[in-house]
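Before any comments, here is the structure.
What follows is calculated from the coordinates using simple rules that are stated; it is not laboratory data. Predicted model only: the values in this text are computed from it and were never measured. Reconstructed Cβ throughout: ideal geometry from the backbone, glycine too, with neighbour counts over all protein chains shown.
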Amino acid sequence: MAEGHRACAARSVLDGGEHGARLDQDGPHREDEQATMNDTNLMQQALGLPPPWTVTTARFDAEAHRLDIEIDFAPGSRFACPSCGAADCPAYDTERMTWRHLNFFQHQAYLNARVPRVRCEKCGVKKIAAPWARPDSGFTLLFEAMVMAMVSAMPVKAVARIVGEHDTKLWRVVHHYVDEARARADASGVTRVAIDETAARRGHNYISLFVDIDQARVLFAAEGRDAATVAAFAEDLRAHRGAPEAVEEVCIDMSPAFIKGVADNLPKAAVTFDKFHAVKIINEAVDQVRRAEQKTKAALLRGTRYIWLRNPANLSERQKATLDSLPTHHLKTARAYQIRLAFQDLYQQPSTQTATAFLKKWYFWATHCRLDPMIEAARTVKRHWDGILRWFDSKIANGLIEGINSLVQAAKAKARGYRSMRNLKAIVYLLDGKLDLRLPA
Ligand SMILES: [Zn+2]
């Protein structure tokens with residue numbers, strides 16, 4: 001009796017779909033049993049259920065905006081053993097389960113079925129997985145595939161809101177597919193690596209990224225930014241058929257932790273210091289000079305901070321006019337600025353030979369400028385001499401390193417409200433890891 005009523009409810013909706021405007025009409029439009037058969041057949045075909053699974057009924061609750069499709073198997077059906085694959089195992093007992101499926105129009109749809117444990121002669125009693133879902137997931141494979149597509153395009157929180165599920169459930173799905181794909185990831189052939197760090201959450205936690213320069217993909221993301229982080233990367237490389245000894249070129253900033261970490265764990269790697277970090281150190285020295293000078297020349301230097309941090313070509317008309325109006329010959333800040341611009345010119349040198357000669361001259365100038373912060377910065381350059389000049393041989397694509405950071409910023413935006421570093425890392429891998437997710441289609 002109840003079954004019949006449910007079938008009618010589903011039928012009226014499906015008829016409404018066929019005839020458009022008739023959705024709200026009461027009662028079935030066709031009286032024959034054949035119609036009911038067709039409705040479940042339609043569901044059966046749309047779901048693509050393999051035997052022995054069949055759709056028995058579909059009931060639609062308009063008020064709850066919910067469609068429930070009942071799936072079952074005939075008594076006496078046989079299943080393959082999930083452990084050894086032996087065919088023709090009889091059902092031992094069953095457990096009733098429910099899975100969220102793709103929406104039915106604007107309504108939530110669920111599959112319901114009793115899932116058997118089978119008795120295998122070899123393996124004993126084993127629970128099988130329904131063909132439309134992963135074991136222990138409350139979602140169908142197709143629902144999960146949709147979630148994965150959505151979280152690649154928007155924050156998980158937003159996806160949770162749209163599909164009406166708690167975000168912790170969606171994170172579980174994300175971790176499953178990312179972990180599986182990461183386990184398959186192949187790092188053999190990795191020889192050039194860029195390492196960069198980024199603040200994960202309001203500058204408190206750091207995440208270090210290890211990027212395969214040649215394939216422009218994040219190989220490894222780890223909490224922290226110390227030498228141990230590099231050791232963890234070397235370990236991860238081995239776990240993915242890569243070899244720390246095969247890494248020939250590494251691009252890092254001048255942090256002592258990374259320098260030590262690379263020396264200890266990537267023994268064959270030549271170090272290139274990222275030129276943006278090198279320029280940044282000189283830039284910070286310029287800013288120190290400016291701040292000190294502003295104490296005595298406040299009127300002159302007020303509002304000029306960002307002029308000194310930019311290149312002349314990037315100044316606005318107004319900033320250019322301000323710069324031109326300053327008595328630059330008498331300003332220490334202007335001298336420091338010239339030293340910084342000259343340092344940037346280093347990277348225009350055509351060869352290691354000319355670059356070496358250029359850097360020597362620059363170093364002499366910078367260390368004789370009588371501006372303490374600039375002398376200090378020049379000494380930092382001196383201590384990292386080989387790694388700075390290594391750029392002229394390795395030419396490690398700086399565009400990529402710049403690109404990494406924008407990728408991570410995008411990942412952070414999508415992982416907004418990510419609750420944990422594990423979640424953030426998963427999104428970084430998902431967006432920037434070039435993983436083979438093998439999502440169900
Ligand atoms: Zn078995």
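A few remarks follow.
- Tensor-based shape of the stretch 119-217 (alpha-carbon gyration tensor, a/c under 1.5 rounded, otherwise prolate or oblate): oblate
- Placed amide H near residue 197: partners under 5 Å, 5+ positions off or other chain: 209
- Diffusion constant of the stretch 233-335 at 10 °C, which comes from Stokes-Einstein with the Kirkwood Cα-pair radius and 1.306 mPa s, µm²/s: 94 µm²/s
- Computed from label points 7 Å out along Cα-Cβ, the spacing between residue 344 and residue 302 is 2.7 nm.
- Listed residue (62, 133, 106) projecting farthest to the positive dipole end of the stretch 26-162, Cβ model: 133
- Electrostatic dipole magnitude of the chain [Cβ: Lys, Arg +1; Asp, Glu -1; Cα centre; debye, to 20]: 2500 debye
- The GluC sites (Glu not before Pro) of the stretch 161-262 that DSSP puts in a loop, and whose beta carbon has at most 14 other beta carbons within 10 Å, are 248.
- Looking at the chain, the DSSP beta bridges with both ends there are about 75 percent antiparallel.
- Euclidean distance between Cα centres, the stretch 160-233 to the stretch 79-113, Å: 33 Å
- In this structure, the amide hydrogen of residue 206, modeled 1.01 Å from its nitrogen in the peptide plane, lies closer than 5 angstrom to those of 200, 224, counting only residues at least 5 positions away or on a different chain.
- GNM top mover of 414, 425, 382 - the chain, alpha-carbon springs below 10 Å: 382
- Two numbers describe the Cα atoms of the chain: Rg and Dmax, which are 31.8, 99 Å.
- Positive-end residue of 194, 152, 221, charge dipole of the stretch 152-237 with Cβ unit charges: 152
- Converting phi to 3J(HN,Hα) with the Karplus coefficients 6.51, -1.76 and 1.60 and the offset θ = phi - 60°, the stretch 384-390 yields 10, 3, 4, x, 6, 6, 4 Hz in sequence order, with x at every glycine or proline.
- Translational diffusion of the stretch 297-441, estimated by Stokes-Einstein from the Kirkwood radius over alpha carbon pairs at 10 °C in a medium of 1.306 mPa s, is 83 µm² per second.
- Ellipticity estimate at 222 nm from DSSP helix runs (n ≥ 4, -39,500 (n - 2.57)) divided over the chain, nearest 500: -15000 deg cm²/dmol
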